[in-house]
Structures are given as C-alpha cells and as structure tokens.
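Contents: one structure, followed by commentary.
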Amino acid sequence: MFVWRLGHICCRGTKASSPPFFNCRNLPRMAELHSGKEDHLNRTKDNTRQQILTEAVVESICDLSPTVKSLTLRVNNEEFSFKAGQWVDFFIPSVKTVGGYSMSSAPHKLHQQGILELAVKYSQHPPAKWVHKQCQVGSKVKMRVGGDFTFDPQDGDESRDVVLIAGGVGINPLYSIVQHVVDLHRLTDPGSEAAYKPGKTVLLYSARTEEELLFREQILRLCQEVPDISLQCFVSQQQVVKTPSQFPSPKVGRITQEDLEEELSRLRGNQVLCYICGPPPMIESMAHYLNILGVNSANIKFEKWW
C-alpha cells in the first residue's frame with residue numbers, strides 16, 4: 001500500500017488549514033499513483049516508518065470470505081504501537097518477499113489485549129499465498145509499523161466530520177478508523193472541555209458482491225452503539241441482492257457523485273475529512289467527485305492497494 005494526499009495543492013503551500021492529525025506531505029500528482037510493480041518496501045520507502053521490528057505469533061485464523069482470511073496476532077512488546085489506518089511490513093521467515101497489510105483492528109485493542117488483526121486477500125503474491133496456504137496457529141512473523149494514512153486526533157483538536165470511502169479489501173484501514181472513532185466515544189470524558197469530541201462519521205463501502213462486504217455485521221453493530229456513525233454498502237457486480245433481513249440492502253452499482261453529495265449535505269462542509277482506500281481507478285473517481293462537490297484537496301487523504 002501507499003498513501004497520498006491530493007498533494008499538488010499541499011505542495012504549493014495552500015492556506016487551507018489541516019488538523020494536526022492530518023499531516024501534509026510533499027506528494028506527486030494523481031497520475032503518478034500508477035507506479036508499476038515495485039515491491040512493498042520500495043513503494044513505501046518515503047512513508048513514515050517505525051524502527052521497531054517486533055515478533056508476533058499467530059493466535060487465530062478465520063475466513064472472512066472465500067478469498068480473504070483474518071489473522072489475529074499476539075504482540076509481546078509494549079513499545080510496539082500503531083495509529084488507526086496504518087499498515088505493517090510483514091516479514092515471514094520462510095518467504096523472501098516482504099508483505100504490507102493494513103491493520104483491521106483498532107489501536108486500543110493492541111493496548112488493552114496485546115493483539116492486532118489483519119485481513120489478507122488471496123493472490124499469488126508470496127506473503128498472501130503463505131497466509132492462505134501455509135500459515136498456522138503458532139506461526140511466528142516479524143512486523144514493523146508504517147504509513148501516513150492515519151486518523152489520530154488528540155485532546156484539544158477541533159472536532160471534524162469524517163467520510164470514509166472503501167473499495168473491496170480497502171476496508172481494512174477504514175474499519176480500524178471506525179473502531180477508533182467508537183473508542184473515542186467510549187473513552188472520552190464528557191465533562192472534559194479539552195477532550196477531542198468526534199463528529200459524524202460516514203462509511204461508504206463498495207465491493208463486487210455481498211459476500212465480499214467484509215466486517216459488515218460488526219460495523220452495523222458499531223453504528224447501533226454510536227448513532228453518529230453510518231454505513232452505506234454498494235455492490236458493483238451483483239444484480240440480485242440476497243441481503244439477510246438483519247442487514248440493510250446494499251445499493252446495486254458503484255458509488256456515484258450523487259451518493260457523495262447526499263452524504264456531504266448532512267455534514268459540516270468545511271469541517272469534513274475524507275479518507276479513501278481502494279483500487280486506483282476508484283480513488284481517482286472519488287477524489288474527483290469530492291473536488292467537484294467543494295471538498296478542499298487538503299482534506300482528502302487516500303491510500304492505494306495492489
């Protein structure tokens with residue numbers, strides 16, 4: 001994965017203000033997203049990276065869909081930490097290629113329970129193939145945290161509404177952000193004037209079929225707990241919706257400019273932060289729609305997955 005802001009605006013020293021947890025970096029133009037088939041370490045060489053390389057043990061493995069497995073890893077290192085939205089360099093002793101996977105769990109879970117979760121889609125890429133074909137409970141790996149695609153507000157920061165746009169397995173870092181928002185609601189002292197107060201959070205989530213809508217049930221439960229969080233799902237390659245009765249029906253088709261406009265109309269326009277994670281064509285179209293709808297480029301952050 002690689003993270004960018006719509007940086008040709010940022011790089012020119014725009015006067016648009018960004019919150020401290022939404023840092024601006026010098027970034028290439030959108031067209032430069034398509035950078036070929038370099039490996040994960042080369043693609044992310046300019047991203048923020050921790051120096052700590054930590055061993056982790058696979059505690060459980062489960063199927064999230066026919067093509068995606070979830071790994072729960074135990075980390076016994078108090079110095080190891082991450083921000084919602086970040087990824088890990090994933091080192092497998094028997095595999096030369098280094099993987100890169102976003103956390104699908106929240107930072108608070110690591111802090112409280114010493115575990116983090118990854119969701120890995122099957123491919124012929126050696127680390128993904130190892131996860132699906134060879135990984136077992138008790139397998140040991142090493143990890144190093146990196147990435148600038150983060151939501152990490154601090155006490156004293158201005159409250160912001162957040163729009164999250166996910167395509168396919170690009171849900172992983174955005175699910176981490178949703179859980180972090182819920183933790184902020186749970187842990188914030190309502191009597192504290194300085195404490196960060198989360199605004200509204202909207203998640204628009206598109207996948208090819210319903211069975212590929214990962215974490216849908218878990219996210220809906222979080223929406224019930226925190227009414228300021230909402231979820232709208234879309235399926236792009238399924239004409240007949242087979243949604244169980246407990247789930248709201250997804251829309252058939254891709255996320256449109258009209259869908260974004262409808263959601264933005266309910267939010268504080270100049271206070272909206274947008275995070276996009278998915279395949280490059282989706283990133284480009286969503287960022288373009290958001291610009292048309294008046295969202296400042298400095299408030300749009302996105303991460304490409306391969």
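The values are calculated or read from the model by the stated rules, or taken from the named source; none is laboratory data. On a predicted model such as this, the values are computed, not experimentally measured, just so you know. Cβ sites come from the backbone with ideal geometry, for glycine too, and all protein chains shown count toward neighbours. The accessibility values were calculated without ligands, DNA or RNA, using every heavy atom of the protein model including side chains. Shrake-Rupley method; radii C 1.70, N 1.55, O 1.52, S 1.80 Å.
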How do H288, H180 stack up against each other in accessible area, from largest to smallest, with a 1.4 angstrom probe? H288, H180
Just how much of M282 is accessible, in Å², when a 1.4 Å probe is used and the result is rounded to the nearest 10? 30 Å²
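In nm, what is the difference between 0.36 nm times the number of residues separating Q224 and E78 and their Cα-Cα distance?
On the way: separation 146, 0.36 × 146 = 52.56 nm, distance 3.24 nm.
Full extension from Q224 to E78 adds 49.3 nm.
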What are the principal axis extents of the Cα atoms in the stretch 151-306, in Å, biggest first? 49, 35, 29
Probe 1.4 Å - accessible area at R208, Å² to nearest ten: 100 Å²
Accessible area (Å², 1.4 Å probe, nearest 10) - E262: 80 Å²
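Express in nm, to one decimal, how much length is gained between V57 and F247 on full extension, taking 0.36 nm for each residue of separation and deducting their alpha carbon distance. Can you show the working numbers first?
Values: separation 190, 0.36 × 190 = 68.40 nm, distance 3.42 nm.
So the chain would gain 65.0 nm between V57 and F247.
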What nm value, rounded to one decimal, do you get for the distance between Y122 and L187 when each label is placed 7 Å out toward the C-beta? 3.7 nm
Would you please give the residues with an amide H less than 5 Å from that of S123, counting only those at least 5 places away or on a separate chain, with H modeled from the backbone geometry? K129
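For the stretch 217-306, how big is the tail of P(r) above 20 Å, as a whole percent of Cα pairs? It would help to have the intermediate numbers written out before the result.
Working: 1827 of 4005 pairs.
Counting every Cα pair in the stretch 217-306, those more than 20 Å apart make up 46 percent.
Please report, largest first and rounded to whole Å, the three semi-axes of the ellipsoid equivalent to the stretch 76-200, where each semi-axis is the square root of five times an eigenvalue of the C-alpha gyration tensor. Can you show the working numbers first?
Details: eigenvalues 192, 50, 24 Å².
Largest first, the stretch 76-200 gives 31, 16, 11 Å.
Kindly flag which residue pairs out of K142/K197; K83/K304; K83/K251; K129/K251; K83/K301; K200/K304 have an alpha-carbon separation exceeding 26 Å in this structure.
Where the Cα-Cα span goes over 26 Å, the pairs concerned are K142/K197; K83/K251; K129/K251.
Using 0.36 nm times the number of residues separating R266 and R49, minus their current alpha carbon distance, what extension gain do you get?
Length gained, R266 through R49: 74.5 nm.
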